[in-house]
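Everything below concerns the one structure shown next.
The values are calculated or read from the model by the stated rules, or taken from the named source; none is laboratory data. Given the structure is predicted, the values throughout are model-derived calculations rather than measurements. In case anyone asks, the SASA skips ligands and DNA or RNA and just uses the protein heavy atoms, side chains included. Shrake-Rupley method; radii C 1.70, N 1.55, O 1.52, S 1.80 Å.
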Amino acid sequence: IAIVNLLSAYGVGKDITMCDTKGIIYQRRSDLHENKYKEKIAQTILSNIRTQKPNLHFKKANALNLNQLENAIQCFTQGSIAVVTEGLLRYLSHKEKAQLAQNIKALLIKRGGLWIIPDIEARKNLTKNPSYQNSIKILSKETGTDIKRNMFADVSEAKNFFETLGFIIEVRQLAEIANKLISPANLHITSNEVLKYLKALEVFVLKIQR
């Protein structure tokens, strides 16, 4: 199965600000909502990739454009795909989420497979976690995106949203794999802190209705 990871330009920009690789463009994240900067970032990343792995490909595409998505996955041989959209949905309005869902659905109809959303975010969870709420406010200001407005009210609303678009959904929790994570120890984050954050995030595994 081929894994298609659709990343947001904002997420990539956050990583770039921590890089000192020659040729990488540094840009304040508060300006990243402007298309010209996202374009520069994408072009620079692609031009600096030096991978020799035949099963690893980097492509630039607008996830809301089906033709661009189809062109981006042509490098994979025919067969099932697993589409992952980590950190992407928070930057999309509900209308844009619906368009993305229809595009991914079209890919799955042709290729088979599933769609994994590892970070379903709900406004209901913000009240339970002040630090999470604060981080959302900061990120919204930096990116020029109203992330809270883009969230679903709760998991039930999110589930109904995707079911209406023709998906069958299995709901999981990231907390299930908390004890398998390596980075918290390196970052000196306690297991309780990890669980508190992960419990606020549900994972959707979506398949199309046949």
* Over the Cα atoms of segment 101-184, what Rg and Dmax result, in angstrom? -> 15.3, 43
* Long-range HN-HN contacts of E202 with modeled amide H, under 5 Å -> I120
* To do: Roll a 1.4 Å probe over the protein heavy atoms and report the accessible area of F152 in Å², nearest 10.
  => 10
* Structure fact -> In order over segment 142-151: 3J(HN,Hα) from phi, Karplus 6.51/-1.76/1.60, θ = phi - 60°, whole Hz, x for each Gly or Pro, gives 5, 9, x, 10, 7, 5, 4, 5, 6, 6
* Structure fact -> Heavy-atom accessible area per residue of segment 95-178, all protein chains kept, 1.4 Å probe, expressed in Å², is 50
* Across the Cα atoms of segment 66-210, what radius of gyration and what greatest pairwise Cα-Cα distance (Dmax) are found, in Å? -> 16.4, 46
* Can you pick out the pairs among K95/K128; K59/K124; K97/K199; K60/K196; K95/K124 whose Cα atoms lie more than 29 Å from each other? -> K59/K124; K60/K196
* Pop out the carbon and sulfur fraction of the accessible area of segment 78-210 as a percent, whole number, probe 1.4 Å. => 53
* Sorted by accessible area with a 1.4 angstrom probe, largest first, how do Y91, Y132, Y197 fall? -> Y197, Y91, Y132
* Given the protein chains as shown and a 1.4 Å probe, how many square angstrom of K60 are accessible, to the nearest 10? -> 90
* Asked: What accessible area, in Å² to the nearest ten, does a 1.4 Å probe give for L56?
  -> 70
* Structure fact -> Residue span R149 to E193: 0.36 nm per residue of separation minus Cα-Cα distance leaves a gain in nm of 13.3 nm
* Asked: Ordering I189, I120 from largest to smallest accessible area (1.4 angstrom probe), what's the sequence?
  -> I189, I120
